[in-house]
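*Asks:* The structure follows.
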Amino acid sequence: MLNTQQEIKFSEHAILYDILIPKDNKYRLIDELIDFSFIYDELKDKYCLDNGRTAADPIMLFKYLMIKAIENMSDVDVVEHSRYDLSYKRFLGLMPEDDVIDPSLLTKFRRQRLKDVNLLDMLIGKTVGVAMENGIIKTKTIIVDATHTISRANALSPIDVLKLRSKEVRDRIRKWPGNEGIELPAPNNDDNLLHELDSCEALLSIVMADPMLRENPAFKEAINYLAEGVDDVRHHHSISYDREARVGHKSAETSFIGYKTHIAMTPERIITAATVTTGEKDDGKQLPDLVTKTQDVGIDVDTVVGDAAYSGKDNLNMAKENGMQIVAKLNGMITQGHMSARTDFDSLFEYNKDADRYICPAGVMSTKGTVGRYKDKPNKSCRVRYRWRATACSTCAMMNECLHDCKTKAINIRVLSDSHREQMEFQKSQKFRELSRERYKIEAKNAELKNAHGYDRADSYGISAMELQGAVTIFVVNLKRIMKMMAK
C-alpha cells in the first residue's frame, strides 16, 4: 500500500545535519532545487492505495538510485554507505538514528516498480524545465551525438551456442522414458557453422513433426530455445545472456555488444532529449526523434550541430522543411545516392560513419569500399563498391531477398557531388565553422557520463533496464550542471 501522506519526523539528533552538512553540499542543493513529489504521480499505478502493508517511500527509493548514479556504486554499497553518511541520510529524508533499507528492496524497486514507466523523457523534461526557469538555456541550438554502453553479458560463439542447445534437446529426449522408436539425426562433430546449422534444423524438423515431442512440456522449452538460436544465427544476431543487446561498430576493427544512447544537448551543456537503442542502430536516423523530444520540453530548435552521421538526405530535407540548419559535414557515401535497384535501399542498408562501411539488413558489415571510374566516360560520376564475405551470406536467412544481385554480394554507391550544393556552400561559411566548434562539448558530456557515472557498462540486462539507467544518470548529470551554472 502506498502512503502519500508526508510524516513530520522529530529527533534530538536532527541538529547534526545543520552542524555537519555544509550549505553548499550537493545533496542539500538538489533537495532544495527539485520537488520530488512528481514521483508519486508517475508511480501511483504501480501501488495499491488502500490495501496491503505500507510500502517503502518511492521518493526515498528513487533518491537511492540517484546516489547510486552520482557515486557510481552498486545497490549493496549505496545502502551500506547510507547507513553512516549523514549527507545521504538527510537527502533520503531519514533521521540520523533511522535504519536503512535492505539492498534487495532497491533492486526490486528498480526492476519492477519502474518497469514500463517512461522515466527517460519525464526526468529530462523535469530538469530542462528547471534550467529554463532559472534562465540557463538561452539558445535554440542543440548538439547531437551517440554514446555506446557495453552489455553486462559477453557475446557467445554461434557454433558453441548451437551445440549446447542441440545437446540439451537430445539429452532430454534420451532421458525420457517413452523414447523408444525415436530416431534422432547424428550430431555434427566438426567446427563448420553451416554444417551445425543443417544438423540443428534436421533435429528440429524431426522433433516438430512428432506431436508427442512437440507438445511435451518436458521438451518444449529446450526446443524453443534451440529454434531461437538457429533463427538468431541465420539473421546474424549476437547471442549472449543479454538477449536484447546487439553488436555495434566503433570502427572497422573494433566492435561492442550492447546499446547506444542518442543524446541532444544545448551549448549550455543541458541534455534536452535522449533515445536508447540497440548497438547496431544508425545515429542519423534518430535525429527527428531527438528534435521532436527537444521541442516537446519547450525549446524551439533552429540549429542542429553534429558529425557526418547526421548529414543524410532525410535529415537535410527535414531541417529545410522546419526552417532549421544542419551543421554537419557531408559524407558522399551517406548523402549522395546509390545505384541499387531496390526502392527500399535506404531503409535496409545503413551506413556506419565510424567504420566507413555499410551494414546489411542482417547486421553484417561490408568490406571497405573500392572506388571505380568509367574509363570510357570520364565525366560520369564515380562509384564505390561494397562487398560482403561469402561465408557470412551462405548462412544468412535473408540471402535471397536483401540484394538484387545475390551472386556478387555487393552494392554500388554513386557519388553525386552536386546533389547537396546548398549544404556544400554552407560548409564554406564562417557561421558553419563557428558552430562546428561547439561539437566538442557533447564529447565531453559523453565522457562525463561514462567516467564519472559508470555509463560505459550496463547495470542490468535488457533495453528497458538500459533506459532506466540512462534516465537516472542523465537526470543527475543535468542537475549537477544546473547547480554549477546557478552558482556562477
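Taken together, the values in this text are just the output of simple stated rules run on the coordinates, not laboratory data. Values in this document were obtained by computation on a predicted structure and should not be read as measured data. Every residue, glycine among them, receives a Cβ derived from its backbone with ideal geometry; neighbour counts consider all protein chains shown.
*Asks:* What ranking, highest mean first, results for peptides 129-141, 356-368 when packing means the other Cβ atoms within 10 Å averaged over each residue?
*Replies:* By packing density, highest mean first, the sequence is 356-368, 129-141.
*Asks:* From Cα pairs below 8 angstrom and at least 6 apart in sequence, can you work out the relative contact order of the range 158-234, rounded to a whole percent?
*Replies:* Contact order relative to length: 43 percent.
*Asks:* Another question, if that's okay. May I ask you to list the aspartates and glutamates whose Cα is less than 18 Å away from that of K26, ignoring any residue fewer than eight positions away on the same chain?
*Replies:* Correct list for K26: D18, D35, E71, D85, E448.
*Asks:* Measure up K285/K409; K63/K138; K138/K293; K353/K450; K23/K488 against 20 Å on the Cα-Cα distance and list the ones that go over.
*Replies:* Distance filter (> 20 Å) returns K285/K409; K63/K138; K353/K450.
*Asks:* I've got another one for you. Would you mind checking the range 124-148 for residues with the amide N under 15 Å from a putative spin-label position 7 Å along Cα→C-beta of L33?
*Replies:* So the set is 124-137.
*Asks:* In addition: Assuming a ≥ b ≥ c are the square roots of the Cα gyration tensor eigenvalues, decide whether the chain counts as rounded (a/c under 1.5), prolate (otherwise, with a/b larger than b/c) or oblate.
*Replies:* Oblate is the answer for the chain, as a/c is 1.5 or above yet b/c matches or exceeds a/b.
*Asks:* Rg and Dmax in Å for the range 158-234, alpha carbons only: what are they?
*Replies:* Values for the range 158-234 (Cα only, Rg and Dmax): 11.7, 34 Å.
*Asks:* Using all Cα-Cα distances in the range 15-117, what percent lands in each 5 angstrom bin from 0 up to the longest?
*Replies:* Reading the bins upward from 0: 2, 11, 22, 24, 20, 12, 6, 2, 0.
*Asks:* Same structure again: Using 0.36 nm per residue, how much length does the chain from R243 to D296 gain when fully extended, once their Cα-Cα distance is taken away?
*Replies:* Result: 15.9 nm gained on full extension.
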